[in-house]
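Presented below is the structure to which this report refers.
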Amino acid sequence: MGTVYIVQFDWATPDASGIDLYVFGDYGRAYDKFKELICSEHDPEMSWVGDIEFDDDGYPIDDGYEFSYEDNNSGDSEVWWHIRDKNDWYMHSFIDLLVMEVM
């Protein structure tokens, strides 16, 4: 058996939605992609999330957002970064690094 690392980006705005998948054979490359996607989400030219102000710990300052993340970068466990607009439950950006065993 082997392990694959899938970075899944599930996103939706009022006018579009999608799921982007990236598959990697090692955790390091998958983690780099995970962090790259989060950085892109903070860019106002790339995402609605870019208009949100975050505190020094990485949490949205405005309580109008549901936000959770786990980023332990252990090299073998799943991590995630999820944000959703509480005023428009459809609008979200969910980024996950999934660890999957394959046969």
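The values are calculated or read from the model by the stated rules, or taken from the named source; none is laboratory data. Predicted model only: the values in this text are computed from it and were never measured. Reconstructed Cβ throughout: ideal geometry from the backbone, glycine too, with neighbour counts over all protein chains shown. Just the protein is used for accessible areas: all its heavy atoms, side chains included, with ligands, DNA and RNA removed. Shrake-Rupley method; radii C 1.70, N 1.55, O 1.52, S 1.80 Å.
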Subject >> Accessible-area composition of the chain, carbon plus sulfur, in percent [1.4 Å probe] >> reply: 49
Original post:
Hey, any idea what Rg/Rh is for the stretch 43-103, computing Rh the Kirkwood way over Cα pairs?
Top reply: 1.05
Original post:
Each residue of the stretch 4-15 in turn: what ³J(HN,Hα) in whole Hz from Karplus with 6.51, -1.76, 1.60 and θ = phi - 60°, glycine and Pro shown as x?
Top reply: 10, 10, 10, 9, 10, 10, 9, 9, 7, 10, x, 10
Original post:
Quick one: Cα convex hull volume of the stretch 25-66, Å³ per residue?
Top reply: 91
Subject >> Average accessible area per residue (Å²) across the stretch 22-103 - probe 1.4 Å, nucleic acids and ligands excluded >> reply: 61
**OP:** Compare the peptides 37-48, 16-27 by average per-residue count of other Cβ atoms within 10 angstrom and give them in order, highest first.
**Re:** 37-48, 16-27
Original post:
Quick one: Cα convex hull volume of the chain, Å³ per residue?
Top reply: 99
